[in-house]
Amino acid sequence: MTTRQREYDEDDVRVRPGRSSRPRTRTRPLHSDAVPGFVIAVDRGRYTCVLLDVGPDTPLVTAMRARELGRKSVVVGDRVDLVGDTSGAAGALARIVRITERTSVLRRTADDDETTAEGRLERVVVANADQLVIVSALADPPPRTGFIDRCLVAAYDAGIEPLLCLTKADLAGPETVLGYYAELELPYVLIRPEADLDALRALLAGRVSVMVGHSGVGKSTLVNRLVPDAARAVGTVSAIGRGRHTSTSAVALRLPRLPGHDDDARQHRRGASAAAGWIVDTPGVRSFGLAHVSADSLLHGFPDLVEGTADCPANCPHTPDATDCGLDAWVAAGKADGRRLASYRRLLASRSGEGDARGEPDQRNPGDPLAGS
């Protein structure tokens, strides 16, 4: 018997399909169903958010960054768009797909000198803040104007309004501190134990306020008085993020609604501008490295000295050895406090790696309650 050979045609040829039949595209999804949110805590790749169009009792939503965000960082205070499971149920996970343009960014570095590794490491403390509340005790511990000056520079550089909150007013008067900042007309509020906080609450209402202060000045006590369930709120955030509220983290706490304010959904869409307002507790921020602030911006952190540079030569470094610097004559004429000029020059020296990174002198004058502070 003879075997007939089969003839093959193109129907017998099998072509292996590619890994995906969907053509590649650079077009990203529009996420038209995204809902607005406000980031209140960040913990190791998980972001705790509240929805802005629900109300004060909205559940906390845990989210992760979507891939299309690339390397854009998400920080406390960011207004974001969320997709996915925003129910806030246990185990639910949403995605952050967009970050709304920030109105302000408060930054700090660990060092003043940008040539060091610490100076180049820039950390965003909070986004979209309206106000920096600088908490300082009037006694026990004594006020440290070096720290306050740094906070003022950081606030002015970020375009955030500063507010000086002076605690323990029952132990000492504010005259010395207020005299030091007399030329700035710096807004302030005095806090006494057991006294009501109506004046401070009025200044915080409807704003996102970042609260900073050294250990022992009473900041934690103040936060707990402003937000009675602050400890419980932080614990809830920590449980969701599987982390803990450490000294390097920040948490936004919603202030209780003030009597007489309408707390409707329209206000919540504005996020941090709702009538009650938000406090961002930053227990880890004990000092501000200013390597990210330019020399010109550093001077503008001392507005009482700016006019005194009008007679300075071009590119004047404003250092003590600059013989033609007009700041010395400005102070000698009584138009600015000499301690303010000394503080400014300490910061200049610290930027060049020549001084204490905290902006404090090595020697303290026991007769001057503000010296070395």
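All of the numbers you see were taken from the coordinates with simple rules; none came from a lab. The model shown is predicted, which means the values in this text are computed figures rather than measured ones. All Cβ positions, even for glycine, are placed from backbone atoms using ideal geometry, and neighbour counts span all protein chains on display.
May I ask you to work out the translational diffusion coefficient for the stretch 184-231 at 25 °C, viscosity 0.890 mPa s, via Stokes-Einstein with Rh from the Kirkwood sum over Cα pairs, reported in whole µm²/s?
So the translational diffusion coefficient is about 203 µm²/s.
Which order do peptides 178-185, 124-131 fall in by mean Cβ count within 10 Å, highest first?
124-131, 178-185
Could I have the simple spin-label model distance between ALA231 and ASP53, label points 7 Å from Cα toward Cβ, reported in nm to one decimal?
With each label point 7 Å from Cα toward Cβ, the separation is 3.8 nm.
I want the local charge near LEU190. Using Cβ-Cβ distances under 13 Å, sum +1 for each Lys or Arg and -1 for each Asp or Glu among the other residues.
With Lys, Arg at +1 and Asp, Glu at -1, the net is -2.
Under 5 Å between amide H atoms, partner at least 5 residues away or on a different chain: which partners does GLU122 have, H built in plane at 1.01 Å?
Here nothing satisfies the definition.
For ARG107, enumerate residues with amide H under 5 Å from its amide H, sequence gap 5+ or separate chain, H modeled in the peptide plane.
Amide H neighbours of ARG107, under 5 Å, 5+ apart: VAL125.
Return the inverse of the average 1/r over all pairs of distinct C-alpha atoms in the stretch 40-160, which is the Kirkwood hydrodynamic radius, in Å to one decimal. Can you show the working numbers first?
Details: mean 1/r = 0.0600 Å⁻¹.
One over the average 1/r among Cα pairs gives 16.7 Å for the stretch 40-160.
Need the full-extension length gain, LEU69 to ALA310, defined as separation in residues times 0.36 nm minus the C-alpha distance. One decimal, nm.
82.2 nm
At a Cα cut-off below 30 Å, give the lysines reachable from LYS219, other chains included and same-chain residues fewer than 8 away excluded.
Counting by Cα, and skipping residues close in sequence, LYS219 has these lysines nearby: LYS168.
Compute the relative contact order of the stretch 101-190 as a whole-number percentage, counting only Cα pairs closer than 8 Å that sit 6 or more residues apart in sequence.
Taking the mean separation of contacting Cα pairs over the length of the stretch 101-190, I get 28 percent.
HN-Hα J couplings of the stretch 135-150 from phi, Karplus 6.51/-1.76/1.60, θ = phi - 60°, integer Hz, Gly and Pro as x?
8, 9, 7, 7, 6, 6, x, x, x, 10, 5, x, 5, 4, 4, 5
What is the gain in length, in nm to one decimal, between GLU185 and LEU30 on full extension, counting 0.36 nm per residue of separation less the C-alpha to C-alpha distance?
So the chain would gain 51.0 nm between GLU185 and LEU30.
Just grab the label-to-label distance for GLN5 and HIS300, each label 7 Å out from Cα along the Cβ direction, in nm (one decimal).
8.7 nm
Which whole-Hz couplings ³J(HN,Hα) result when phi for each residue of the stretch 311-317 is put into the Karplus expression 6.51 cos²θ - 1.76 cosθ + 1.60, θ = phi - 60°, listed in order with x for Gly and Pro?
Per-residue couplings from phi come out as 9, 6, x, 4, 6, 5, x Hz.
Using 7 Å Cα-to-Cβ label points, what is the ARG123/ASN224 separation (nm, one decimal)?
Inter-label distance under the simple model: 2.4 nm.
Kirkwood Rh over alpha-carbon pairs of the stretch 88-209, then Stokes-Einstein at 10 °C and 1.306 mPa s: what D in µm² s⁻¹, rounded to an integer?
Translational diffusion coefficient: 94 µm²/s.
Take the Cα radius of gyration of the stretch 147-200 and divide it by 2.2 N^0.38 Å, with N its residue count; two decimals is plenty.
Output field value: 1.22.
Taking 0.36 nm per residue of sequence separation and subtracting the Cα-Cα distance, how much length would be gained by fully extending the chain between THR100 and GLU161, in nm to one decimal?
Gain on extension, THR100 to GLU161, equals 19.8 nm.
Quick one: 3J(HN,Hα) in Hz for the stretch 92-102, Karplus 6.51/-1.76/1.60 with θ = phi - 60°, rounded, Gly and Pro as x.
6, 9, 9, 10, 8, 10, 8, 10, 5, 3, 7
Please report the base-10 log of the normalised intensity I(q)/I(0) for the stretch 154-234, using a Debye sum with one equal scatterer per alpha carbon and no solvent, at each q in 0.20 (1/Å).
-1.10
Under a 5 Å amide H to amide H cut-off, with H placed in plane at 1.01 Å, what residues pair with LEU253 once short-range neighbours are removed?
Amide H neighbours of LEU253, under 5 Å, 5+ apart: ILE279, VAL280, ASP281.
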